[in-house]
1. Name the pairs: first residue in the stretch 70-88 and touching a residue at least 12 places away in the same chain (Cβ under 8 Å) and of a type in the set (S, T, N, Q), second residue more than 6 Å from the ligand (Cβ to nearest atom) and in a helix (DSSP H, G or I), Cβ to Cβ under 8 Å, at least 6 apart or on different chains?
2. Any idea which residue in the stretch 74-92 is farthest from Trp136 (Cα to Cα), counting only those that are under 17 Å from the mean Cα position of the chain (by Cα) and more than 8 Å from the ligand (Cβ to nearest atom)?
3. Can you find a residue that is touching a His at 6+ places or on another chain (Cβ under 7 Å) and under 26 Å from Phe104 (Cβ atoms) anywhere in the stretch 232-241?
4. Just one of the numbered conditions (1) buried (at least 18 other Cβ atoms within 10 Å of the Cβ); (2) within 14 Å of the ligand (Cβ to nearest atom) is not true of Gly103; which one?
5. Report yes if some residue within the stretch 167-174 is more than 19 Å from Leu106 (Cα to Cα), touching a strand residue (DSSP E or B) at 6+ places or on another chain (Cβ under 8 Å) and without any contact (Cβ under 8 Å) to a residue 12 or more places away in the chain; otherwise report no.
6. Taking Val141 and the conditions (1) surrounded by 17 or more Cβ atoms within 10 Å (Cβ to Cβ); (2) touching a residue at least 60 places away in the same chain (Cβ under 8 Å); (3) out of contact with any strand residue (DSSP E or B) (no Cβ under 7 Å at 6 or more places or on another chain), which numbered condition does it fall short on, given that it satisfies the others?
7. Just give me the residues in the stretch 18-53 being more than 12 Å from Val141 (Cα to Cα) and of a type in the set (S, T, N, Q), in sequence order.
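Bear in mind that the values in this text are calculations on the coordinates, not laboratory data. As the structure is a prediction and not an experimental result, all values here were calculated from the model. As a convention, Cβ positions derive from the backbone with ideal geometry for all residues, glycine included, and neighbour counts pool all protein chains shown.
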Amino acid sequence: MAVRLDQERVGASSMAEQLLRNIGPIVLLGPPGAGKGTQSKRITQHYRIPQVSTGDLLREHVKQATTLGVQVRDIIDRGDLVPDHLVCDIVAWRLREPDAQRGFILDGFPRTQVQAVWLDAFLKFEFFEKAIWACWLPIVVRIQVDYNKLLLRITGRRICPACGRIYNVHSQPPLVDEICDVDSAKLVVRDDDREQVIRERLAAYERQTKPVAEHYQRLNRVVQVNGDLPVDQVTSLILEAIDGSTRSVAGSKN
Ligand code: AP5
């Protein structure tokens with residue numbers, strides 16, 4: 001009994017440590033449909049740090065018809081990238097929120113070389129120089145998926161408009177056709193998940209986002225993960241990669 005209580009205490013304390021320790025910035029890189037949103041939601045639950053998805057933030061502005069939303073609606077509908085300064089502004093605003101102090105997962109950002117250089121400077125100034133984190137460089141997880149699978153994944157995607165849960169009619173269907181398992185809302189298809197637009201988004205990734213991976217590769221920060229594997233296995237690989245990187249930063253501090 002005493003042993004069990006001790007084990008429970010250890011379990012509880014390691015969970016508490018998990019909640020208290022700084023995780024720092026995590027960047028998920030990968031083409032449209034790679035599984036960035038799916039995996040971000042799981043990492044968020046594991047480390048209790050927020051997901052910062054520029055796609056979600058921009059879509060919310062479009063939905064609310066804010067000045068920014070009106071400005072970017074057509075750009076997103078075409079599958080083009082929103083201008084860098086607009087995206088950097090909303091990211092700066094979001095990362096200054098108190099819940100981002102222990103760390104965050106960037107999903108869909110940075111997506112251009114300009115955004116990557118901006119992020120480096122922002123993290124250095126906001127978190128490293130203010131002694132919040134020991135290392136300002138993000139852990140960059142690059143999710144790689146066979147190109148031919150991406151189109152099938154995106155056309156099969158369904159989203160719950162109420163809770164944001166992501167489904168797939170082929171690989172992760174809801175229990176009841178087109179209905180969210182969590183809140184029974186009717187699932188929707190994203191406006192930019194039309195074949196013509198998907199092709200443009202994939203082209204934009206090749207053109208503008210691949211250099212971002214090279215930027216972080218030069219800084220030796222990239223961990224490659226096989227995104228073709230089932231969702232649970234991809235999550236395990238990502239958590240291993242993050243734990244490995246945060247341990248090595250902690251080790252270098254001692
Ligand atoms: P954004 O919302 O970021 O979209 P994206 O990068 O095109 O990525 P997706 O959301 O399509 O895919 P995902 O990787 O999240 O995959 P998911 O987990 O859903 O950007 C949208 C637009 O906003 C851009 O085009 C641009 O206009 C603008 N924008 C956003 N950020 C910007 C920036 N920084 N700068 C400029 N403009 C910006 O998974 C896909 C499907 O696959 C799901 O159905 C899922 O269930 C399934 N799935 C996931 N993992 C697996 C698996 N392992 N096996 C089988 N199925 C899986």
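1. Gln71/Leu86
2. The residue in question is Ile90.
3. Within the stretch 232-241, one or more residues are touching a His at 6+ places or on another chain (Cβ under 7 Å) and under 26 Å from Phe104 (Cβ atoms).
4. With (1) buried (at least 18 other Cβ atoms within 10 Å of the Cβ); (2) within 14 Å of the ligand (Cβ to nearest atom) applied to Gly103, the lone miss is (2).
5. Within the stretch 167-174 (the criterion being more than 19 Å from Leu106 (Cα to Cα), touching a strand residue (DSSP E or B) at 6+ places or on another chain (Cβ under 8 Å) and without any contact (Cβ under 8 Å) to a residue 12 or more places away in the chain), the answer is yes, since at least one residue qualifies.
6. (3)
7. Result: Gln18, Asn22, Thr38, Thr44, Gln45, Gln51, Ser53.
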